[in-house]
Structures are given as C-alpha cells and as structure tokens.
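Q: Please see the structure below; I have some questions.
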Amino acid sequence: MVQLYNLHPFGSQRVVPCKQEPAQFCCGHDVLFVASAAASCGVEVFAVRPEGRCEPLGSFATLGPVLRMAHSRAGDYLVTIEEKSKATFLRAYVNWRCMSAGSSRVCVRMVGHKMEESYTETLKEQMSIVEMALSDPPLCISCCPVNGDLLVGCRNKLVMFCLKYLVINQNLTVLDFERSLILHIDNFIPAEVAFYSRHIAITTELDVLIVKLDLIQQSADRGEQCACQVSTTEKLVDGGIKDEDLAAHSLQLELDEFVICQKPVELLGEESKLCKIPITLESTELSTEGKKHFQLQYLLFRHFTPDQSPFGFCEETKLHSVQFLPVYQTGSSVTANEESENKKELLSLFCFFSLPHVGYLYSVGKLIQLISTYQYSERSEQAVLTPQFLHVITSESLQCYTVRCSAAAARDEDPYIDTTVKACPPVTLDVCTLRMQLFIGPRAICHYKNHIILLTKADTEDITERRKPSRRMLSRKADSNKSGTNSESEPGWNLYIINTVSTIQLYREMVDYSRTYENVRTESCIHLLSEAHLLVRAAITDPSFFKSDDKEELLRAFRESCAFLGDCYSRFDTKDYHLALPYYRMSGLSVAEVLERLASESGEIQMYERGLIFYLTHSLNEELNEELSKELADKVLQIFYLADPMQLPHIICSPCMKNVCPLTAVKYLRKVEDIMPSVVLTLTKAFMALKMGDLMMYECEMNSHKETMLACGFIGQPELLRECKEGIVIPTEFAVHLKVLQPGLLVAATVALHENSKIELKEADMFFKMLCNNGEDMVPQLLVDFWEALLVACSQEEVLQELLLRVTYQYVWRISKKQLPETKPLKTTEDLINSCDHFGSIFPWVTFIMSMESPLDKDCSEDISKLQSILCGQSIDITATLPILEPLAAAGNVGLTVRVLCSTRLGKYEESIDQLLRQCPAAVVLYAQHELKGDSRAVWWNKLLPELCERARLTGSDCPVLISSLKETLSVVAMELELWDFLSLLPEDGTAAFFLPHLLHCSQRKQLM
C-alpha cells in the first residue's frame, strides 16, 4: 500500500542551455553530459553548480548518434554506444576535460593499443577516444563506481572490461581497458545492465537476474576447467528442457489459437540457481600473473508476465530502470580531495527495477529480500533511486516516493537495533508518495546529489497548451544564456535541472504535516513521523555527512524526530507502545523533560497510555543520575496509582524519586494495600516512615510480619536496601537503620538477595563496607556475618570455596593480629556447626591440645574455634588454604592444631605424629585413636609404636607421658596383630616385665579366637 501526501520535495528548477535537442544525457562527478539528437552528432558538457546552475564547459563530436551513454567516476571517463551506417560502436572518451580547457586535439586508438613514447607526450593536453571492438553489437552498458570497470551487454553474453592505469613515465599516467571476462548466457538478450563491485543485474523485457562474481584462489587451468564443467552441466539441463519442448510441439500446433504465458516466478538466494539460465565464465585476460578467477553466485531471479485484460494484451510490458544503490558504513571516511567509492566500507546493497505500473526494491547484500513494492498511479517511463527517494516519471508527472534503504541498512549495521535502547522504523513500513509534480511529456530522468535532470518533450498538439500559465508550484528559472532561437525552432522540448529541497526543510514540512493527523488518524501521524525520521537517518548515514555544513542541525533533527516518535508511542494507544522507551532514549531527553513534553498547558497530563507507563517503569527502575522535582515525583505517583498501582513500591524506591513526598506515598500505598496487601508494600511503608521520622509507624509496620517474611520481602524490592550510582552500590537509610537495630534481618535479607541473583558477591562486599564505613582493606564483622550466613544457604561449589577461603583468611588475620571484631558476631561456632555442613565438630584431640592453655591462645577464642571447625570439616580445599595459614605457623597450640589438621587432611599421618610427639606427646594417642582407622591403621605399629619405644628408651622413666602413651599403643597393637608379628616389633633390649602383659594379652586373644 502506498500512502499519498502533498509535500514539496522539489525546489527551484532551471533550464539547461542546450543548443540541440537532447537524445541521451547522464551525470558525472560534477558535470552533465548531453548527447544531441540532431544530425550534427556531438556531446555538450555542462558544469553543475551546487545551486543548480549549469555552465557550458564545451563540447566534442561523436562518431554518430548516441544510443546509450554512461559516466564512470573512477577514471572520469564517458562511455557511449554510437551508431553509424547501421553499425554500432563502443567508445570511451578519456581526458575529455581538455576540451573544456580549449584544446581541440583528439587521439583515437583501439583498446590495448601500445602507445609510442614520442606520441604519448601529447596525451596530457588532448582527449583520447578508446574504441572497443566487439564481435556482437553492444546493447547496453554500465560502469562500476568502485573501480571503473565497464560491463557491456550483447546478445547472449556480457563482456567486462577492466580499467587500467598505464604509467608511461613519471609525469604521465594513461587510462586503458582490457577485456577480462565474458559471461556467456544462452538465449538471453539483455535490455539493461547494472554493475557494482562484482554484482551484476541484467534485465530482458520480462526477466531480471542478479548474480555476483566471487573471487576464488586457484590455478588458471583449474579455474577454466571448473568453469567449463559447470557450463556443460547446465547446458545438459537446458538441453533436456528443449527436448521436452520439442516433444510437446505437436500439442502446440493444436493450441495455435491461444496465447500461452508462463507463470510469474520469484527465486531468492540459493533457489535462484533453479532459474534455468546457464552462465559460462570465460576469462580473457592476457597476463597470467595476478590473474583473477571467479565463480558465479546466483542471488535473485524474477520472471514477470505481460499485463493482460479480458480482451488480450492491453499494453506493452517491459522492465526498465534497473540500478544498484550502495549504502556505506556509518563513519566511513573519504579523502578530502575525492569521495572515492573504494575508500568507503560497503554496508548494504540494494537493487531496483520496475515494470510500467509497479516497481520493486530488493536488498541483495547480506540478506536477499524484497524491501518495498511501489504501485504507480499511472504508467511509468523511467525511475531513479537515491538513498532518500525514488523519483519516477510518467507521461504527465514527476513523482517522488520514499524508500526503506536506511531502515534496512540500520539493521545490517546493528542486528540488535530493535531493543529497549535503540529503534528504527520497520522495513515493512508502507512507502508513501510525497509529491506528484505535473510536467508535460517527461521522457527521461537522471540524478546527481540533490539535483534531478529531467527531459520533457511535448507532442505537437500539446505545444499550445504548454504556453498557457503553468499549474506547477516550482519556480521555473530559465538561465539567461539559453538561446532565443531554441524556443522558437524547438518549442516542444526542455531539459530541466530540478533542485530537491534540503533534508532539514523537508523534514520540518513533514513534521508540520503530521500534526494535522494527531487527533484524527493516529497511524498516519506515526507513519509520517517515521518517514521524517528515516529521511534524516539516511542523510546521517551518507559518507559526506561528516563534511556537511548542516551536520549539527541534522543531528538535532534526528534527536528531535526520536522525541516526536516517543511522544506518539507514549500518548497513542498503539500495539507498538513499547517503542516509546527506545525512541525517548535516542532523543537524549531526561525523564523530567519527557514528562514536561507530555503535560498540557495546565500542567496536567491528559491521558496515561501503555507507552508512557512502559517508558516510566523502565526508566525509573534503572541507574539514572536524575532526581525529579517534588512536583514531578508526586505526579509520577499519581500516574502509577491510576494506571498500574502494583508498581508503586518499585517506583517509590527509584533513585529518581528521592524528592517524593513520603506522606503522599504512604497515602497511595495504604489504598493499594487495602486491595492487595503484600510484604513489599509493608516494607515500603516502613521506608517512608523512616523518611518522615515516624519511628512508631516504622515499628508497627516491621512488627506486622515475621523476620523471615520480611527478609524474603526485600527480594521483591532490593532498592529498599541499596541503590546503584555509576556502578557503586550505596546503602539506603533503611539499611543503615537495620544495621543498628536489626543486623540479623539485614544479613538475612542480603543473603536472600544474593541467592535470588539480585546482588553479586562483589556488590555485597562493597555494600557492607560502605555501610560500616570501613576502609577498602578492612573487613567489617557484619560482612563476615554475611559470609557465614551465605555458607549456610549457598549451594554453588565455586562460591562456597571462595567464601570458605574468605572467612578463613579473616579468622587467620584477626588471630595473628590479635584483633577482636568490632561488633559481636551474629553466630557462634556452635551455631555454625549445628546449621552448616561446612563447619565440622572439633576433634577431641584438638580440644585436648587447646585445653593446655598458652598465653597466645587466650585471645580471639571464637575465631580460633571457627577456624578449627572449618579445618575439621570436609568442604574446604586444604591445598588452596595452606598459603593463608602461613601466619599461624609459630602460633603455639593454635598453630600446632592447624598444622596437624592440614597434614592429616592431606594424608600425611606420619608427619602429623612427628609434630605431636615433638610439641604435645600427650595428645598423640588421642590423635591416633581418632584418625588412624581403616587404611591408615597400620601407622599404629609401623610409625607410632617404634617412635614411642625409641623415645621411651632415650628418656627412661623421666617422661611418664611417653610411658603412658606407649602402654596404650601396645594395647591397641596387641589386639590387631598376630603374636609373632607383635613380638617382632618389640625392642630386643626392652624390659620383659614391661612388655610381657601385652604379649600374654595377644596370646590369650589368639586362643580365644
């Protein structure tokens, strides 16, 4: 569907002062070439000034009438198809600017002709005409804007000429061409071709084929062989089809009275290979060094059927105006001297072609898809596509349509553009007609920057009508140097250069026009503002934007268009209401500015649609450094109370709402609680009570639920406890109050937040440090309480190990520094052992060692017992803990227990026994009884018994502890070993009276068994 508006994209128009009636014309970089239709064949050249004025630069003769012509920016040459004596010639005019400088010297040479040194010195000051011989007459031409290569369409083939720069000497470089590639296409007569960076579009009367030449790395022989094989296979398929056609020939004879038409076909991407149009590549480059090899990729194929009526074919149907439109990466730079195509980064590529009554715009870059379809109001003659518009001429008018290239390119550049941060009008948005400008007899059209060159030619019967006052709104400014004889002798034609208005001017008009639909047709208002937005977006993505004089004005217009679209989606009841958020964000407006935009003159917002609620909900729940005034904050409360009352707790806790009136907030919260009570509402009311200083109300609210329920209530609204500013977590007044009066609830709530992914471990560390006003390196006891509580609740292994290492480090640091916690810990060692599997019961031998008090062990008893409890558990990674425990290496009995516990966890029982025998032999048997079990039981007789015997022999009766430990060990070993094994362990010089009871006990155990 095409929307129709009556805007004014066309500005002033001037008449190009041609001396002869134009037959063909085209635009160059900054010039206009006009080939005359008169008997005196030639080309006039005009300089096109920014304001649209044309100044003659000169002219040069051609071989015959020009049938087709094109200009290449790369190489700055003009190529023509000329006719003479019923033969057609392909010629390229190089260095043509010498003609405008007054030089009349012309050099004619064949393509590839080797120029002699004496002859080439004169090329600096003369125009060169390069003739390119072809085996078949040329039908159509196209120049690649990237590298200046030339594509020529002939019957059943396309010929590609590469542009070459021949360096004759240090001061002279000459352009030449080399026939490099031929694309053979059976039974295919091209009517038009388009060429851009190895992309080729070909049209016949009813077919469109778009292909791409992909460079491949392989040897020349292999490349040619591959091409031949592909060709042969395709020809066989094609041959099969011909055989079927011949087999059906007898049926065709019976159907001579009928007209048979093929069905329309559209094939995209890989499917386009099924078009049954075989193409064979033939490389014709002479040099083998640096030779390029291509393979063909089919991109698109369409076949159309003639327009029909119940009485047969109503009119001739032919495709026309095939062309490529590249869109470049935003920010692609160009040189100051020349906007060279190959210095820009291609982002998207589009292809347009048209039937008499409908035009088609396709994306043929990253994704092959139909972008837009244009239904014309009358039969079209020709069309030109620009990044912002599609200009179409019919028999009576020049029509201007919008395009979706900038919308498609935006998505190619950023596939995630349709989010809550960014947005762009959809590619599927209906196109619209901005203007239908009346002209008499438009015949041809071309485009250059913001100029449209239009050839009109009236029929004889229209000349009289043409002299009447014009109905057009454009100001016809004929150049003063147009000859008077022209209007008398040739009154039926004119060549106009029409200036399109600036982007800003047309944007303003579209915005003003959209206001007429604000209260009548919502969708039309949004549609027109979307068109205005895309118009500005297309101007911003143009590579010349960064050198534009109105760059800042365009950026302001872009932000303004985003704000207008945000207004529409927030005020109107549309299915795309969520777009209010990204458009307002792209506009750069603050929340306060948005609220002021949507307010009426009386200061009251007229209505609260879903778009406004969606925008405010997301904006107020984010980390914004904006604080609304008391009036605006209260207005936001009113909006949400009426539109979405359940969101009130979230809105009140927003950093933007710090200035909200607490009394007003409580009033609204109580009304909501009467309908649907919740713990979050209770906590929010308590927060507001703190802001008002009403401690009685605070206590009443906090006592209305159990502490467990309150802790879970903070999960629904974490902002009651903390807010974020620039990535920094800051405690709220509520958190400060809980720290003093209910630290257990604060810790429990923070654990609940962590377990529900509302706060990260690093953020919690920062939160408690700021809450307790500790330095960056100081760990407050409340944070240690949080870690201990999290050990009880957490189930993630990685987090558990990190927490265990953190609390271990803190215990060790405080024990080694004799530093007591600044507040009483919330949990004792016994509490942790009873509630957490990661804290184990302290072993009896550890308790025995610690009962033998030393001066160092009297301080930090709670930290010591917690550390020992962790080491007695089975969760902590001992290997990772060893470096942390280093400060306690010489810490008396504490250090001994820590070292022995670590050695035992690592399976080093003998090392543990040595440490105990050296420092606390009284505990060695207790240790052995607790630890030496199962596979480690042999340590009793392999290590402990020999060690005790040796030490007892050395000390004698002076160490009763060793004697006692030896007796207990002998009792255990006697119960475990056979008599002969036990006897072999006893020392030869031992006292028989000492060992005999144990031998008898071992012997009696054997007899009983």
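The values are calculated or read from the model by the stated rules, or taken from the named source; none is laboratory data. What you see is a predicted model, and the numbers here were worked out from it, not measured in a lab. Quick reminder, even Gly has a Cβ in these numbers, built from the backbone with ideal geometry, and neighbours come from all protein chains shown. Calculation scope for accessible area: heavy atoms of the full protein, side chains included, ligands and nucleic acids excluded. Shrake-Rupley method; radii C 1.70, N 1.55, O 1.52, S 1.80 Å.
Q: Let's test the formula: R0 of 51 Å, r as the Cβ-Cβ distance of GLU862 and LEU663. What FRET efficiency results, to the nearest 0.05?
A: 0.65
Q: Still on this structure, I have one more. Summing Lys, Arg as +1 and Asp, Glu as -1, what charge do residues with Cβ under 10 Å from the Cβ of LEU628 carry, LEU628 excluded?
A: That sum, taken over residues with Cβ under 10 Å, equals -1.
Q: In what sequence, highest mean first, do 204-213, 512-521 appear when ranked by Cβ atoms within 10 angstrom? Write down the numbers at each step before the final one.
A: Values: 204-213: 19.8, 512-521: 13.4.
Ranking the peptides 204-213, 512-521 by packing returns 204-213, 512-521.
Q: What chymotrypsin sites (Phe, Trp or Tyr not before Pro) does the stretch 372-439 have in DSSP loop regions with at most 11 other beta carbons within 10 Å?
A: Taking the stretch 372-439 and a limit of 11 other Cβ atoms within 10 Å, the loop chymotrypsin sites (Phe, Trp or Tyr not before Pro) found are TYR416.
Q: While we're looking at this one, here's another question. In what order, largest first, do GLU560, GLU381, GLU797 sit by accessible area if the probe radius is 1.4 Å?
A: Ranked from most to least accessible, the order is GLU797, GLU381, GLU560.
Q: What is the sum of charges around PHE353, taking Lys and Arg as +1, Asp and Glu as -1, for the other residues whose C-beta is under 15 Å from the C-beta of PHE353?
A: Here the count lands on -3.
Q: Which GluC sites (Glu not before Pro) does the stretch 853-922 hold that lie in a coil by DSSP with at most 13 other beta carbons within 10 Å?
A: Of the GluC sites (Glu not before Pro), the ones in loops of the stretch 853-922 whose Cβ has at most 13 other Cβ atoms within 10 Å are GLU853.
Q: What net charge do the residues around GLU205 carry, taking every other residue with its C-beta under 10 Å from that of GLU205, with Lys and Arg at +1 and Asp and Glu at -1?
A: Values: positive: LYS318; negative: ASP207, GLU316.
It works out to a net charge of -1.
Q: Give the Cα extents of the stretch 730-823 along the principal axes, in whole Å, largest first.
A: Projected onto its principal axes, the Cα set of the stretch 730-823 covers 35, 30, 21 Å.
Q: While we're here: Roughly how much of ASP634 is accessible, in Å² to the nearest 10, using a 1.4 Å probe?
A: Approximately 30 Å² for this residue.
Q: In addition: Grab the beta carbon distance between ASN834 and LEU999, set R0 = 41 Å, and tell me the FRET efficiency rounded to 0.05.
A: Working: r = 47 Å, r/R0 = 1.14.
The formula returns an efficiency of 0.30 here.
Q: So if I place +1 on the C-beta of Lys and Arg and -1 on the C-beta of Asp and Glu, and nothing else carries charge, what would the dipole magnitude of the stretch 819-951 be about its Cα centre? I want it in debye, nearest 20.
A: The dipole magnitude comes to about 260 debye.
Q: Follow-up question, since we're still on this one. Of LYS635/LYS769; LYS658/LYS739; LYS157/LYS291, which ones are farther than 29 Å apart at the Cα?
A: Cα-Cα > 29 Å for LYS635/LYS769; rest within.
Q: For SER283 and SER795, what does the FRET efficiency come to when R0 = 60 Å and r is the distance between their Cβ atoms, rounded to the nearest 0.05?
A: It comes to 0.35.
Q: Once the whole set of protein chains is in place, how much accessible area is left on HIS184, using a 1.4 Å probe, in Å² to the nearest 10?
A: 60
Q: Also, I was wondering about something else. Of all trypsin sites (Lys or Arg not before Pro) in the stretch 703-750, which ones are in loop regions per DSSP and have a Cβ with at most 16 other Cβ atoms within 10 Å?
A: Taking the stretch 703-750 and a limit of 16 other Cβ atoms within 10 Å, the loop trypsin sites (Lys or Arg not before Pro) found are LYS706.
Q: Now, a different point. Could you sort ASP412, ASP549 by accessible area so the largest value comes first, with the probe set to 1.4 Å?
A: In descending accessible area the options line up as ASP549, ASP412.
Q: Hey, any idea what % of the stretch 801-953's accessible area is carbon plus sulfur with a 1.4 Å probe?
A: Within the stretch 801-953, the accessible surface is 50 percent carbon and sulfur.
Q: Once ligands and nucleic acids are excluded and a 1.4 Å probe is used, how much of VAL167 is accessible, expressed in Å² to the nearest 10?
A: Estimated to the nearest 10 Å², VAL167 gives 110 Å².
Q: Which entries of LYS366/LYS449; LYS273/LYS366; LYS758/LYS818; LYS344/LYS551 have Cα-Cα distances beyond 24 Å here? Display every interim value, and only then the final one.
A: On the way: LYS366/LYS449 26 Å; LYS273/LYS366 18 Å; LYS758/LYS818 36 Å; LYS344/LYS551 19 Å.
Cα-Cα > 24 Å for LYS366/LYS449; LYS758/LYS818; rest within.
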